[in-house]
1. Under a plain spin-label model, where a point goes 7 Å from the Cα along Cα-to-Cβ, how far apart in nm are H152 and S200?
2. What FRET efficiency do you get for F169 and A29 if R0 is 25 Å and r is their Cβ-Cβ distance, rounded to the nearest 0.05?
3. Quick one: compute the contact order of the chain, relative version, from alpha carbon pairs under 8 angstrom and 6+ residues apart, as a percent.
4. Taking the Cα centre of the stretch 3-336 as origin and charging only Cβ (+1 Lys, Arg; -1 Asp, Glu), how large is the dipole, in debye to the nearest 20?
5. Please give the peptides 98-104, 161-167, 124-130 ranked by average Cβ packing (other Cβ atoms within 10 Å per residue), highest first, as a rough proxy for protection.
6. Given the DSSP H assignment, sum -39500 (n - 2.57) over each helix run of at least 4 residues in the chain and divide by its residue total; what's the result at 222 nm in deg cm²/dmol, nearest 500?
7. Between L333 and N304, what is 0.36 nm times their sequence separation minus the Cα-Cα distance? Round to one decimal in nm.
8. When L59, L195, L313 are ordered from fewest to most other Cβ atoms inside 10 Å of their Cβ, what list results?
Amino acid sequence: MSNIETTVPAAIERPRLRSLGSPGHWILAGLLLAYPAVASDFFTFQIGAYSLILGTIALSLMFLAGYGGMVSLAQMTVAGIAGYMIGIFGTNSADLGLNWPWWLTIPLAIFIATLASALIGLISVRTEGIYTIMITLAIAVAFFYFARQNYHIFNGFNGFAGLKPPALFGVDWRTPVPFYYLSLAVAALAYGAVLYLSRSTFGLTLQAIRDNPRRMRALGYHVGGHRVYGYLIAGLIAGAAGVLSAWFNGRISPGSISVGPIIDILVIAVIGGLRHPIGPFLGALVFVLLDNFAIDLIARERFNTVIGLGFLLIVLFSPDGLLGLWEHARKKLAISGGGSP
């Protein structure tokens, strides 16, 4: 057995090594594919697609925090950078973009976001714990103010409007059903990549570094390099979702990367659970449902209060989020039914 395998606790890793071909994944895939057939355009676009986009951004945070032990509050910032690049290099309603073709604009936007994430990693890996949270938050807030005050590149407070996906194969990808499937494809690729990486040599090394960086450094592993590479992968995921987010909203502005959306991603990841890649999507679904329907029960300005209370309850009673509650309930049912937990 390798040093990596002996360093990472087997009890932690076993639940994560689930095959993409498991019955649960096939059932979930079937439900997601069939969802637009039974849902209205509102539920397909505003609930389904938006949950997938936010879940993918939160997935990048889950990858860093769950596998690397690095809680970054700059993931929405990375997604916002990709959105801004779409507005700068592509086409927008104010005719302020460079009008480059989509096949150049989209990869370039994701590449710049990925590079920015790696640079954030270079800075933040020098710290640990609460200091990592604070330095990534400081970077995110600094970029927010820079984007709001810079009119030459980022068009200041207004940002860029009129952002939309290219029309390919005769399909308007901004319409609810095509955009939902586009978001689903990106989310599925990101989910599969994270699940694969979690059991790859790099993923096991990153998790071992999370558990005992001093031991891994003594074994000859480049702890800082692995962590920066983790930020790079997380940036790739967040950047792809950031492009979708800009298309979903039809615009990108400083409001998209303000403190509110930054904290929302952390709340989504924690509510869903940081121990498995499916957790962020579950948290995103709960968040989006509350965001759209809480106004029917309470005043709109009290939405953050509801989310905050829910966040506190989850942290207090289930540190592993909703997935932790599910696992606890499943074990209790197994015990009461006479089976093994």
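1. My value for the distance between the label points is 3.9 nm.
2. Numbers: r = 23 Å, r/R0 = 0.91.
Efficiency, rounded to the nearest 0.05: 0.65.
3. Details: 505 pairs, mean separation 100.2, N = 341.
That works out to 29 percent.
4. On the way: 20 positive and 13 negative charges, 156 e Å.
With Lys and Arg at +1 and Asp and Glu at -1, about 760 debye.
5. Numbers: 98-104: 12.0, 161-167: 17.4, 124-130: 14.7.
Averaged packing, sorted descending, gives the order 161-167, 124-130, 98-104.
6. Values: 15 runs with 224 residues, N = 341.
Computed mean residue ellipticity for the chain: -21500 deg cm²/dmol.
7. Numbers: separation 29, 0.36 × 29 = 10.44 nm, distance 3.41 nm.
Computed gain between L333 and N304 is 7.0 nm.
8. Working: L59 31, L195 20, L313 11.
Least to most surrounded, the residues fall as L313, L195, L59.
Coordinate-derived values only; no laboratory data. Since this is a predicted model, take the numbers as computed values, not measurements. Please note: Cβ atoms are built from the backbone with ideal geometry, for glycine as well, and neighbour counts cover all protein chains shown.
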